[in-house]
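Q: Handing you this structure, nothing more for now.
The values are calculated or read from the model by the stated rules, or taken from the named source; none is laboratory data. Please read these numbers as outputs of a predicted model, since none were measured by experiment. Please note: Cβ atoms are built from the backbone with ideal geometry, for glycine as well, and neighbour counts cover all protein chains shown.
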Amino acid sequence: MPVRIQNEDFDIGREVAQLRRDNPQVGAVASFVGVVRDLNDGKTVAEMTLEHYPGMTEKAIEEIIGQAKGRWQVYDALVVHRIGRLAPLDQIVLVVVTSAHRGDAFAACEFIMDYLKTQAPFWKKEKTPDGARWVEARASDDAAAERWQTKD
């Protein structure tokens, strides 16, 4: 379960090929790529800076992947998350999941992304024409993660 936090961009095709390499049982690969938008909450975004808590961030993401592997039949998962200064159109995050079947791959990929948005310790600051601002957590992200809660 590779987890990488990095400043550098990533090559989606290379990352997918590496994750599924040498496993003939893989029948499905699901992925998600997050990209910097030039507009957020009605404001033009010129630049975004992402910060994280080294060590803690990787551990939190590994735990999220572990939860996904416990829920679905997943062979492997990869999360690459960028930090530092990013501009509109830049890639921010890549989530890739391999499985025998698409249903497990899709569900696990969506679960990992929903929990990345709410549980991984990242902080975003946007540069807008009105100045810099920290991006607050969204209620919609919390709602997306809550739907995965199991009812006992």
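Q: Give the residue that is farthest from the chain's Cα centre (by Cα), with candidates limited to residues of the range 35-88 that are under 26 Å from residue 133 (Cβ atoms) and part of a helix (DSSP H, G or I).
A: So the residue we want is 56.
Q: Could you look through the range 90-130, keep only residues that are of a type in the set (Phe, Trp, Tyr) and in contact with a helix residue (DSSP H, G or I) (Cβ under 9 Å, 6 or more places away or on another chain), and pick out the one that is nearest to residue 22 (Cα to Cα)?
A: In the first step, residues of the range 90-130 are kept if they are of a type in the set (Phe, Trp, Tyr); the result is 106, 111, 115, 122-123.
Next, only the ones that are in contact with a helix residue (DSSP H, G or I) (Cβ under 9 Å, 6 or more places away or on another chain) stay: 111, 115, 122.
Details: 111: 25, 115: 29, 122: 33 Å.
This residue is 111.
Q: Right, something else. Quick check on the range 60-67. Is at least one of its residues more than 30 Å from residue 103 (Cα to Cα) and buried (at least 18 other Cβ atoms within 10 Å of the Cβ)? Before the answer, list the steps.
A: First pass over the range 60-67, keeping only residues more than 30 Å from residue 103 (Cα to Cα): none.
Checked the range 60-67: no residue is more than 30 Å from residue 103 (Cα to Cα) and buried (at least 18 other Cβ atoms within 10 Å of the Cβ).
Q: Looking only at residues that are outside any strand (DSSP E or B), in contact (Cβ under 8 Å) with a residue 12 or more places away in the chain and of a type in the set (A, V, I, L, M) in the range 1-34, which one is nearest to residue 62 (Cα to Cα)?
A: 1
Q: Related question: Could you grab me the full set of residues in the range 93-117 that are assigned to a strand (DSSP E or B), over 8 Å from the mean Cα position of the chain (by Cα) and not hydroxyl-bearing (Ser, Thr, Tyr)? Spell out the reasoning first.
A: First, the residues of the range 93-117 that are assigned to a strand (DSSP E or B): 93-99.
Still in the list and also over 8 Å from the mean Cα position of the chain (by Cα): 96-99.
Correct list: 96, 97.
Q: Filtering the range 21-52 down to residues that are charged (D, E, K, R) and closer than 23 Å to residue 114 by Cβ, which residue is surrounded by the fewest Cβ atoms within 10 Å (Cβ to Cβ)?
A: In the first step, residues of the range 21-52 are kept if they are charged (D, E, K, R); the result is 21-22, 37-38, 41, 43, 47, 51.
If we keep only those that are closer than 23 Å to residue 114 by Cβ too, we end up with 37, 41, 51.
Details: 37: 13, 41: 11, 51: 14.
Here the answer is 41.
Q: In addition: Could you check the range 37-56 and list, in sequence order, the residues that are among the β-branched types (Val, Ile, Thr) and at pLDDT 95 or above? Before you say what the answer is, go through the steps one by one.
A: Quick first cut of the range 37-56, residues among the β-branched types (Val, Ile, Thr) only: 44-45, 49.
The one that is among the β-branched types (Val, Ile, Thr) and at pLDDT 95 or above: 49.
Q: I need every pair where a residue in the range 125-136 that is assigned to a strand (DSSP E or B) has its Cβ under 9 Å from the Cβ of a residue that is small (Gly, Ala, Ser), sequence separation at least 6 or different chains.
A: 125/132; 126/46; 126/132; 127/46; 128/46
Q: Where the second residue is of a type in the set (Phe, Trp, Tyr) and in a helix (DSSP H, G or I) and the first is touching a residue at least 12 places away in the same chain (Cβ under 8 Å) and lies in the range 44-71, which pairs have Cβ atoms under 6 Å and are six or more apart or on separate chains?
A: The qualifying pairs are 64/115; 68/111.
Q: Give me the residue from the range 1-20 that is within 19 Å of residue 69 (Cα to Cα) and of a type in the set (Lys, Arg) and, out of that set, modelled with the lowest pLDDT.
A: The qualifying residue modelled with the lowest pLDDT is 20.
Q: Please work out which residue is surrounded by the most Cβ atoms within 10 Å (Cβ to Cβ), limiting yourself to the range 72-89 and to residues that are without any contact (Cβ under 8 Å) to a residue 40 or more places away in the chain and either under 21 Å from residue 99 (Cβ atoms) or in contact with a helix residue (DSSP H, G or I) (Cβ under 8 Å, 6 or more places away or on another chain) (or both).
A: Filtering the range 72-89 down to residues without any contact (Cβ under 8 Å) to a residue 40 or more places away in the chain leaves 72-74, 85.
Checking which are either under 21 Å from residue 99 (Cβ atoms) or in contact with a helix residue (DSSP H, G or I) (Cβ under 8 Å, 6 or more places away or on another chain) (or both) leaves us with 72-74.
Values: 72: 19, 73: 12, 74: 24.
So, considering only residues that are without any contact (Cβ under 8 Å) to a residue 40 or more places away in the chain and either under 21 Å from residue 99 (Cβ atoms) or in contact with a helix residue (DSSP H, G or I) (Cβ under 8 Å, 6 or more places away or on another chain) (or both), the one surrounded by the most Cβ atoms within 10 Å (Cβ to Cβ) is 74.
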